[in-house]
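Report on the following structure.
The values are calculated or read from the model by the stated rules, or taken from the named source; none is laboratory data. In this text the structure is predicted, and so the values were computed from the model without any measurement. Cβ placement follows ideal geometry from the backbone for every residue including glycine, while neighbour counts extend to all protein chains displayed. For the accessible areas, the whole protein counts, side chains as well, though only heavy atoms, and no ligand, DNA or RNA atoms are used. Shrake-Rupley method; radii C 1.70, N 1.55, O 1.52, S 1.80 Å.
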Amino acid sequence: MTRVNGMSCHAWRIAIFVLAMAAAGCDRRSGEPAAAIPPTTVLVTTVTREPIDFEFDLPGRIEPQRTAEIRARVDGIVERLLYTEGTDVAAGTPLFQIDASDYKAQLAQAEAMLQRAQAVQKNAASVAQRFRPLVSRQAVSAQEYEAALAALGQAQANVADARATVTLATLRLERCTVRAPIAGRVGRALVTEGALVSAAQATLLAQINQISPISATFTKSSTAILDLAEYVRSGALTTPEDGKFSVRITLPNGREYAERGVVDFADLVVDRTSGAQTVRAQFENADRALLPGQFVRGRFHIGVRHDGALVPARAVQLNNGIASVLVVGADDIVQPRQIEIGEQQEGNWVVRQGLDSGDRVVVDGWHKVRPGQRVTPSEDSTGR
């Protein structure tokens, strides 16, 4: 009885297995679809075409508008330093005093020579004046009168020569006091008291930089400048009526400088090696925060683009200079679209062509989908 019962249990298990397999086969033959995979959720932004500011960034460097090198114009020993290093000075401010004793003596000697020459001239003029009426009465010969006139001319030339010597001696004496040729901030002294300076070697004493106003110079590709000019001519970009382009700069510490500058110069020569042109902007720099040599980044405001469109930079795919995005259609199916981009503005690309108002561009998640795939779009509520 036990054996029979064991056989019955074994047969019962086999029967249950066969029934389960048959039921599974029936399910597969029934044609019912398996559980569908939900569409991938992507973050999208809706394109709007509207007037936007046309701006671009360029790296640059701060440069003084005027620079003067203070050099020795006479030979001598520096006696005193007459200014405080690193301060602002006006034009004509005394900076250095060079020993002037030799030049004072030279001036006195030149003045004595001038007095001597003037005395000789006075005597020669008196002789010529006395001879003039005597020649007509033949009291003196014509030869004697001509000699008197020649002596007067030579005396006058000697006076002019002596006067020039006095002027030169005066200039040398005045140059012993070295003065600032321009207004600006004077740097550290490159010589000390007791140093021997030379006019022949033009010894450098200090340097003055005009820092208010001050300039910032930038370089931009000549091709980009030509494209910009073409863009303005096409009417797609409106520039300021006064023709002045404003510039904002970011300092090396990342802080934006409060004062705005104005473009005052664009070089007409293209650099042969880089193919770039120099653009210069002027800043008043009233607070003296901008210093020569600083590296800055300038944002140029050129005008207003009438039908501009912005898309986040992370939504644009760049491949060998070709830009494209994924666009979600009305049926929520993504398709690639090639676009033409311009400059970047605060993390966004300016789209010139390829997108229309109302297009939904995939911002995040485009790397998880393929063209032709259905997605679940979620609008970007952050506004880029």
Rounded to one decimal in nm, the spacing of the 7 Å Cα→Cβ label points at residue 164 and residue 242 is 5.2 nm
Expressed as a whole-number percentage, the relative contact order of the chain with C-alpha contacts under 8 angstrom and at least six residues apart is 27 percent
Among 103, 44, 376, the residue whose Cα sits farthest towards the positive end of the charge dipole of the chain, when +1 is placed on the Cβ of each Lys and Arg and -1 on the Cβ of each Asp and Glu, is 103
Taking the chain and counting helices only, DSSP H stretches of n ≥ 4 at -39,500 (n - 2.57) each over all residues, the nearest-500 ellipticity at 222 nm comes to -10000 deg cm²/dmol
Neighbours of residue 170 by Cβ distance under 12 Å: Lys/Arg at +1, Asp/Glu at -1, summed charge +2
Over region 53-154, with neighbouring protein chains present, the accessible area per residue in Å² at probe 1.4 Å is 61 Å²
In the chain the accessible area split gives carbon plus sulfur, as whole percent at 1.4 Å, a share of 53 percent
Computed for region 312-384: size of charge dipole around the Cα centre, +1 on C-beta of each Lys and Arg, -1 on C-beta of each Asp and Glu, debye to nearest 20, value 260 debye
Rounded to whole Å², per residue accessible area for region 252-379 with a 1.4 Å probe reads 56 Å²
Of the candidate values [x] 22.3, 74; [y] 44.8, 189; [z] 20.4, 60, the one computed for Rg and Dmax of the Cα atoms in Å from this structure is [y]
Hits for the chain under the membrane-span-like helix rule (DSSP H, Cα axial span at least 24 Å, Kyte-Doolittle mean at least 0.0) are 2-29, 142-174
Under a 1.4 Å probe, counting only protein heavy atoms, residue 337 has an accessible area in Å², nearest 10, of 80 Å²
Subtracting the Cα-Cα distance of residue 272 and residue 109 from 0.36 nm times their residue separation yields 52.9 nm
